[in-house]
Each structure stands twice: as C-alpha cells, then as structure tokens.
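Quick notes on the structure that follows.
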Amino acid sequence: MTLNCIAVDDEPLALGLVCKFIEQTPFLNLAGRFSSAVEALKAIHAQKIDVIYLDIQMPDLNGIELARVLGKGPETPRIIFTTAYNQFALEGYKVDALDYLLKPFNYEEFLRTATKAHAYYELVNKPAAPATVVVESEHADDQFLFLKVEYQLVRIALDDILYIEGLKDYVKVHLKGVEKAVLSLTSLKALEEKLPSKRFMRVHRSFIVALDKITSMTKNSVQIGKMIIAVGDQYKEAFGQFVGKWI
C-alpha cells in the first residue's frame with residue numbers, strides 16, 4: 001500500500017527535508033509541498049491525501065487550526081505534526097494527530113512515523129477487521145471484544161469494563177484497575193449493538209454501563225465507584241424496569 005502525502009511548512013529548509021524523506025520512503029508518495037496551510041487546504045480538497053506532515057507555527061492559518069478545519073472522520077487525512085515546540089503535544093492529541101516529530105529530526109525518526117501511518121492504514125482498510133468485534137462464548141468469563149486503538153486491535157475482557165463513554169466519533173472504555181481509559185475510533189451505538197444486553201445497558205446518550213459494576217443507583221442515576229452517571233430521559237423507562245427488579 002502506497003500512501004499519498006503532502007508536506008506543509010513555511011520554512012524552506014524544513015519543507016525540503018520532509019519532502020526528501022517522503023521521496024526516499026518506498027511506501028510514501030509525495031503528492032504536494034506547500035509553504036502555507038491555506039494552499040494545502042485547497043490541495044486536500046482536490047485529491048485524496050492519506051498523510052499530512054504539518055508544521056504548527058505558520059502565518060495566516062497554523063497547523064492546529066488547519067487540523068480543526070479538517071475535523072475528524074474516516075476520510076480525513078491523518079496528521080503528523082512537525083514542530084520545534086514540544087508544548088504543542090497536548091493540542092496535537094486533542095485534534096487526533098497520528099504522531100508528533102520534534103525538530104530537528106533525522107530520517108530514522110521520520111521513518112518511525114511513516115511506518116506507524118502505514119500500519120494504521122493497512123489495519124483500517126483490512127476488510128476482515130471491523131472496528132469492534134465481539135466473540136461470544138458459552139462461558140461468560142471468556143467473553144471479550146477487540147477494539148481498534150490507533151493502528152492495532154486491542155483485546156478487552158468484558159468483565160473488566162466499568163462503563164463506556166461516547167465522544168462523537170470515539171469511545172472511551174473505562175476499565176477496572178486501569179487509570180487511563182482506552183480510546184477507540186468507533187461509535188457508542190456500534191458498540192452498544194455488539195455488547196450483550198444482559199450485562200450492559202445504555203443509560204444516557206453518552207454512556208453505557210456494566211450492570212454488574214453498579215455500586216448504587218436511584219431512578220435517575222447510577223454510581224460505579226466514584227463515578228455518578230445521570231440516566232437520560234429516553235432511557236429512563238428501560239432503566240426503571242431494571243431498577244424495579246431490585247425493589
């Protein structure tokens with residue numbers, strides 16, 4: 001698989017270096033080079049671009065702003081930021097950047113990001129690998145699912161799930177004993193359809209809870225550990241029926 005790439009940087013030397021690295025990487029194709037984000041935006045709309053090597057500090061429209069304009073979605077090019085300022089790492093995460101290169105960088109560092117992008121696209125374009133796969137077993141303890149996390153599928157045991165939070169095109173899966181939630185590119189609705197209804201319930205447009213992890217509940221909320229989740233109006237009837245079994 002060959003990835004179409006563009007490089008965007010207002011510094012001629014930096015732009016030339018990135019273009020040189022792209023051209024010497026066998027699975028990358030240099031589809032354009034631009035000294036401003038505004039010029040790059042026109043090219044992105046005119047042709048299919050897979051990866052953007054994007055500087056952050058630029059006049060008129062900076063890299064972070066361009067990423068926000070492009071938004072997030074299955075057809076949106078993946079962004080690899082190239083910058084001399086490491087304080088932008090958090091902003092890069094917020095706009096779903098695939099990776100981050102801190103200037104000055106060498107070809108080995110560049111190749112690492114290119115390989116990551118290639119692995120990502122090979123995974124998402126593989127027809128046999130849906131975003132979320134649930135494998136049912138005769139034994140509940142053996143149930144698990146695979147979640148697409150960045151460029152790999154991560155196995156999650158259903159018994160470990162506390163609750164799942166929907167964030168537009170993503171979900172955050174909160175697990176017992178794990179401080180950091182697992183972030184996956186899929187929708188809450190798609191995940192809801194795959195989870196066994198006897199074990200999981202959607203109680204809010206942004207939340208699915210594991211029923212066996214509820215520590216307390218009222219007719220309007222559930223508590224899982226320290227997390228209190230309100231029950232949305234459209235889910236109160238089904239949740240009320242569940243609560244009724246215990247009253």
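The values are calculated or read from the model by the stated rules, or taken from the named source; none is laboratory data. Since the model is a prediction, treat every value here as computed from it, not as a measurement. Note that we place each Cβ from the backbone using ideal geometry, even for glycine, and neighbour counts take in every protein chain shown.
The set of residues in the range 17-26 being surrounded by fewer than 14 Cβ atoms within 10 Å (Cβ to Cβ) and in a loop (DSSP other than H, G, I, E, B) consists of GLN24, PRO26. Quick test of your reading of the structure: THR186 fulfils all but one of (1) within 26 Å of the chain's Cα centre (by Cα); (2) over 22 Å from VAL154 (Cα atoms). Name the failing condition by number. The one condition THR186 does not meet is (2).
Taking the listed residues ALA67, ALA97, ALA40, the one that is closer than 26 Å to LEU167 by Cα, in contact with a Phe, Trp or Tyr (Cβ under 7 Å, 6 or more places away or on another chain) and without any contact (Cβ under 8 Å) to a residue 60 or more places away in the chain is ALA97, with no other qualifying.
Among the listed residues ASP169, ASP160, which satisfies the condition of being touching a residue at least 60 places away in the same chain (Cβ under 8 Å) and not hydrophobic (A, V, I, L, M, F, W, C)?
That would be ASP169, the only listed residue that is touching a residue at least 60 places away in the same chain (Cβ under 8 Å) and not hydrophobic (A, V, I, L, M, F, W, C).
State whether one or more residues within the range 216-238 are in contact with a Gly (Cβ under 8 Å, 6 or more places away or on another chain) and not assigned by TED's automatic domain parsing to the domain that holds GLY71. Checking the range 216-238: at least one residue is in contact with a Gly (Cβ under 8 Å, 6 or more places away or on another chain) and not assigned by TED's automatic domain parsing to the domain that holds GLY71.
Please find, among ALA7, ALA14, ALA43, ALA31, the residue that is within 22 Å of THR115 (Cβ to Cβ), surrounded by 16 or more Cβ atoms within 10 Å (Cβ to Cβ) and out of contact with any helix residue (DSSP H, G or I) (no Cβ under 9 Å at 6 or more places or on another chain).
The unique qualifying residue is ALA14.
Scanning the range 151-190 for residues that are polar (S, T, N, Q) and assigned to a strand (DSSP E or B), we see that the one that is modelled with the lowest pLDDT is GLN152. Checking each residue in the range 151-168 for being surrounded by fewer than 16 Cβ atoms within 10 Å (Cβ to Cβ) and farther than 22 Å from VAL222 by Cβ picks out GLN152, VAL154, ARG155, LYS168. Residues of the range 191-247 that are within 22 Å of VAL171 (Cα to Cα), part of a strand (DSSP E or B) and without any contact (Cβ under 8 Å) to a residue 24 or more places away in the chain: SER221, VAL222, GLN223, ILE228. Among the listed residues PRO74, PRO104, identify the single one that is outside any helix (DSSP H, G or I) and modelled with pLDDT of 85 or more. Testing whether each residue is outside any helix (DSSP H, G or I) and modelled with pLDDT of 85 or more leaves just PRO104.
So which residues in the range 186-213 are aliphatic (A, V, I, L, M) and surrounded by fewer than 19 Cβ atoms within 10 Å (Cβ to Cβ), if there are any at all? ALA190, LEU211, listed by residue number.
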